[in-house]
Amino acid sequence: MAQTLEKSDRKPILLLVDDDAIISDSLEYMLENEYQVMRASDRQSSFELLDAMTQAPELALVDLGLPPDIHTPDEGLAVIKQISQQYPATRVLVLSGQDNQENMSLAKSIGAVDFISKPCDIAEIKARLKKHSQQKNETQRSDQIEGLVGQSEAIELLRMQITQLANSPYPVLIEGESGSGKEITAKNLHLCSFRKSKPFLTLNCAAFNGELLESQLFGHAKGSFTGATETKKGFFEEAGSGTLLLDEVADIPLDLQAKLLRVLEDGEFYRIGETRPRHASTRVLAATNKNLYQAVDLGNFREDLYHRLSVLTILVPSLQQRSDDKLLLLEHFSHQVVSDGHGFSLDQDSSALWEEYSFPGNVRELRNIVIRLSTKYPGQTVRSEALMREMNGLRLDINILSEDEKWLKKTLKNDEFQLDQVLNRLEKKFIELALQRHHGNMSHAAKMLGINRTTLYGRIDRFEDKN
């Protein structure tokens, strides 16, 4: 009985799609020692072959000029797009004589990772295939992930999702509370992908108004608007075939959302003030702490753009969902902040408080607390009273419970006492006081209460529903 090959011992599968039998015969002969070559001559035969395979190929080498019209790139581009959609782990390289810049850009915008012009030396083809085969193997390893500290089930699931989605050509919608780690998640999607050597850029969509944001995204021509003193590239051009993170994507104006949708669908955009279309091959990631589905219902976000962005979705867990990681994060940020070894320590009570605290500001709040404690108490043991003063979610004076203990005991003895009602009234009062303090400013009130703005809206709605 033949011995089954281990996965690491078998040759990678290479799908070769080319209608020229002479070229296909030559390539198969030259590559069969390193790859298991599977051949197809057109779109239909390529997908009949793929459907019959038990495992997706690691690599695909596709000609653009395929039957029935070998003089246009349409069939080859359709094959690339279909492979990228149905087999996102397969790395598609183009081997074609139709090598003008437009075809190159189009191929890469729909999922191709490389473009090799015909005629090409076989040594060059081998080198390109080997490079992408190695990159694929490297990016499948979860130890490539950086900056996500923890051992909780929630963080392990996040690492797994990053590994699975890193090489997909499709956008990823990254959702999560403020401070939970959406940007580091996006960066890891880039670092774990074949694009890791290319630029990773972040654009905060909430930081610019409509025209300025459009200029940031797509660039502008000199004189196209007041203040446009020179021609400028936008983030899509600067990112090239790398990754662009659109942070606070829910804040993009509606009229600009249509232009973003066009880039995502066919890679085409215009600089402000120009009529010549340009093409992007950038992988787009979008991050938000808002409910985009709710924004669609309210008419603030286009439904077609939402569906285009949310083909793949990652929900970054809050720190409340990964409570097992709190002490690990404390140790991690302490080592980052303290370079001389004179960090602070927690006594038993403060350690218990640290693990019980909800950290409404998530990892960002935890890190800021570590920075403050490291600065104020170098080489010292931090007691619970001092720790409570640094916790944004504990706005009450540390002696409030002892001062009002008589009132608490009296209330508790009431025969009609219900804890939920008391807590709800207390919560509602704190929200009212915070809003009064900040003259109705929801963002400032939420910050004072130690919660994000979305949570504050939700709690206010809950109170109104009960009235």
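How far is the Cα center of the range 144-181 from the Cα center of the range 297-369, in Å?
Their Cα centres are 13 Å away from one another.
Which loop GluC sites (Glu not before Pro) in the range 199-231, with loop taken from DSSP, have no more than 13 other Cβ atoms within 10 angstrom of their Cβ?
Those satisfying the criteria are GLU230.
Return the loop-located GluC sites (Glu not before Pro) in the range 251-310 (DSSP other than H, G, I, E, B) with at most 16 other Cβ atoms within 10 Å of their own Cβ; answer none if there are none.
GLU274
Is the range 295-392 rounded, prolate or oblate when judged by the Cα gyration tensor, a ≥ b ≥ c being the square roots of its eigenvalues, rounded requiring a/c under 1.5 and prolate requiring a/b larger than b/c?
Values: a/c = 3.07, a/b = 2.60, b/c = 1.18.
Here the range 295-392 falls in the prolate category.
Placing one identical point scatterer on every Cα of the chain and ignoring solvent, what is log10 I(q)/I(0) from the Debye formula at q = 0.13 Å⁻¹?
Scattering profile of the chain, log10 relative to I(0): -1.23.
May I have the convex hull volume per residue, in Å³, for the Cα set of the range 143-315?
115
Once you mark the trypsin sites (Lys or Arg not before Pro) that are in a DSSP loop and have at most 13 other Cβ atoms within 10 Å, what is the longest gap between them in the chain?
Working: sites that count: LYS7, ARG10, ARG141, LYS222, ARG395, LYS413.
In short, 223-394.
Going by a ≥ b ≥ c, the root eigenvalues of the Cα gyration tensor, does the range 25-86 fall in the rounded group (a/c under 1.5), the prolate group (a/b larger than b/c) or the oblate group?
Oblate is the answer for the range 25-86, as a/c is 1.5 or above yet b/c matches or exceeds a/b.
May I ask for the Rg/Rh ratio of the range 13-139, computed from Cα atoms with Rh as the Kirkwood radius, given to two decimals?
The Rg/Rh ratio comes out at 0.92.
List, in the order given, every pair from LYS118/LYS222; LYS118/LYS187; LYS182/LYS326 whose Cα-Cα distance in the structure shown is over 29 Å.
LYS118/LYS222; LYS118/LYS187
Percent relative contact order of the chain, based on C-alpha pairs within less than 8 angstrom and at least six residues apart?
It rounds to 11 percent for the chain.
Read-outs throughout are calculated quantities, based only on the coordinates presented, and are distinct from any laboratory measurement. Keep in mind it's a predicted model, so treat the numbers as computed, not measured. Because the Cβ atoms are built from the backbone with ideal geometry, glycine has one as well, and the counts that use them run over all protein chains shown.
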